[in-house]
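> Structure incoming, see below.
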Amino acid sequence: MNSIPRRELGSSTAHRQGAVLRWALGGTLILLVSYLAGLALEQHGWVTYQFPQTVLWCAIPYAMAAHWLYNGAYLPQFEGRRFLFVATAAPYLAAPLGFALLQQPYSRGAVLLVYLLSSAWFLFGHWRDRGQQVLSLAYLDETVPLRLNELLGDAAQASQRHIALLPWTPHQEADAASQWAGVVLDRHAPSNAVRERWITDLRLQHVRLYSVEAVAELLSGRKILPNQQTQDLWTLDGNPAYDTFKRLTDLLLTLAGLPVWLALCMVAGLAVKLDSPGPMLFSQIRVGRNGREFRIWKLRSMRHAGDERTARFAQPNDDRVTPVGRFIRRTRLDELPQLWNVLKGDMSLIGPRPEQTEFVRVFADRIPAYPYRHLVRPGLTGWAQVQQGYADSEEQTAIKLSYDLYYVAHYSVALDLLIAYKTLRIVAGGFGSR
């Protein structure tokens, strides 16, 4: 078999990280040029001395943006441009707060200039490397394309523009083979001496080998488990450092917004009381981190059911929902009391949605991987909510679980920023409400 370049041994994520690193290092020239331009403008009296100083300070948000883009390279290909927008905008939006805390005078024009230039630079890099954003793979087993389509489900057609699958042959020409990012195997394909010899040759040639499930995860943003084999999740663990940072962030943001969300709760709660008889608040026992049960609070959006305790999914156009309830569900105002759960530590702002105890018992029995979603704190919003919306059946819950497990495996500042951005867009549009 012809030799294949050793660089292909790196994963697609590693290649994307390398591209981000190159563009980030090259982009430091932007800071240098902006600083020299600021000095020239200052000498002509067109800007104050704060302008070039602010440009130097902007190296911090630039480095943060580059760091987040680097760490977010594992995100699905279809989220690339959205995440680039979020990762570059967030540090510069927070820059005025940083200057205020440091009591450092700054130039808003300089911050805006560096932000626009750095965003344009990273966007150009994203466009320049767009060819590398298509995952070019060869497949060894003829069952791979069909198996991949089955795992991707409804997302299969949308994923086609992010992947190029070609059949592998043992006598592939070197020029063609060098374009591969790796070879895909179906772990369920029957093994034989010829197939094992081919796999050994690929390993000796330092070709990256992917399972179908791994490729589906790269394309869909879901954790794909072969036949619900939870053994693949035994290596999952928490991130204590980020957990602590995230907890402090939850507290700071929730307390900072306390006057606003508390006032909104009171206004929306009064509307609930005037709309239909019954209490303002509704509570349920939900399952949180490490399987611990806690009481969740929401503004009541349905007719008061008295002592009815049977757990059931909300359906589209559910006749139990009141007129005011429909509005607060669409705008997510009914979730505001859960910020009290965030303050108590039962929940986080971002994480898998906490489920009712009755559903947890059923799903844990029927879906072996289900308990692993409780490795992290549940949240007001999460990866499954912004990708799928509301789940109203066991089949949809299994898909929702694959998103939750993806979050458990990859949660980070990068993923949380993307979820926050998509949540704001969803709240504005009402996607997924019932």
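Just so it is clear, none of the values below were taken in a lab; they were calculated from the coordinates. Note that the coordinates shown come from a computational prediction; the quantities given were computed from them, not determined experimentally. Cβ: placed from backbone, ideal geometry, glycine included. Neighbour counts: every protein chain shown.
> Enumerate the lysines that Lys344 could reach by cross-link, defined here as Cα to Cα under 17 Å, with residues fewer than 8 away along the same chain left out.
Once the sequence-local lysines are set aside, what remains near Lys344 is Lys246, Lys298.
> Given the peptides 23-36, 353-366, arrange them by the average over their residues of other C-beta atoms within 10 Å, most packed first. Can you show the working numbers first?
Details: 23-36: 15.4, 353-366: 17.4.
My ranking of the peptides, most packed first, is 353-366, 23-36.
> Okay, moving on. Where the eigenvalues come from the Cα gyration tensor of segment 315-434, what are the semi-axes √(5λ) of the equivalent ellipsoid, largest first, in whole Å?
They are 22, 19, 14 Å, listed from largest to smallest.
> Which whole number of Å³ per residue matches the convex hull of the alpha-carbon atoms in the chain? Mind dumping the intermediate values first?
Values: hull volume 70.5 nm³, N = 434.
Residue-normalised Cα hull volume stands at 162 Å³.
> What is the Cα radius of gyration of segment 1-145 over 2.2 N^0.38 Å, N being its residue count?
Output field value: 1.33.
> Another question about this same structure. Take each uninterrupted DSSP H stretch in the chain, measure its Cα extent along the helix axis, and return the ones at 27 Å or beyond whose mean Kyte-Doolittle hydropathy is at least 1.0.
Those that pass (Cα extent of 27 Å or more, hydropathy at least 1.0) are 80-102.
> Could you order the peptides 137-144, 252-259 from most to least packed, using the average number of other C-beta atoms within 10 Å per residue?
Order by mean packing, descending: 137-144, 252-259.
> Can you list the residues of segment 353-380 with backbone N under 16 Å from a point 7 Å past the Cα of Asp237, pointing along Cα to Cβ?
Answer for segment 353-380: 375-376.
> Let me ask something else about it. Run the quick spin-label model on Ile285 and Thr169: label points 7 Å from Cα toward the beta carbon, then report their separation in nm to one decimal.
6.4
> Name the lysines eligible as straight-distance cross-link partners of Lys223: C-alpha to C-alpha under 19 Å, and not fewer than 8 places from it in the same chain.
In chain and number order, the partners are Lys400.
> Can you find, among Trp297, Pro368, Leu166, the residue sitting farthest towards the positive end of the charge dipole of the chain, where Lys and Arg contribute +1 and Asp and Glu -1 at Cβ?
Trp297
> Continuing with this model, one more query. Rounded to the nearest 20 debye, what is the charge dipole size of the chain about its Cα centre when +1 sits on each Lys and Arg Cβ and -1 on each Asp and Glu Cβ?
The dipole of the chain has a size of about 880 debye.
> In nm, to one decimal, how far is the Ala37 label point from the Leu93 one, both placed 7 Å along Cα→Cβ?
2.4
> Would you be so kind as to identify which of Leu185, Ser119, Tyr139 lies farthest towards the positive end of the dipole of the chain, taking Lys and Arg as +1 and Asp and Glu as -1 on Cβ and the Cα centre as origin?
Selected residue: Ser119.
> Please state the shape class of segment 27-94: rounded when a/c is under 1.5, otherwise prolate if a/b exceeds b/c and oblate if not, all from the C-alpha gyration tensor.
prolate
> Indicate, rounded to the nearest 5 percent, the antiparallel portion of the DSSP beta bridges found entirely in the chain. Provide the component values of the computation, followed by the final result.
On the way: 10 of 22 bridges.
In the chain, DSSP labels about 45 percent of beta bridges as antiparallel.
> Moving to a separate point now. Could you let me know the centre-to-centre spacing of segment 367-429 and segment 274-295, using Cα atoms, in angstrom?
Centre-to-centre distance over Cα atoms comes out at 20 Å.
> I've got another one for you. Once every DSSP H run of n ≥ 4 in the chain is given -39500 (n - 2.57) and the sum is divided by its residues, what mean residue ellipticity at 222 nm do you get, rounded to the nearest 500 deg cm²/dmol?
Rounded to the nearest 500, it is -17000 deg cm²/dmol.
> Follow-up question, since we're still on this one. Say a paramagnetic label sat at a point 7 Å from the Cα of Glu150, along Cα to Cβ; which residues of segment 383-412 have their backbone N under 20 Å from it?
395-403
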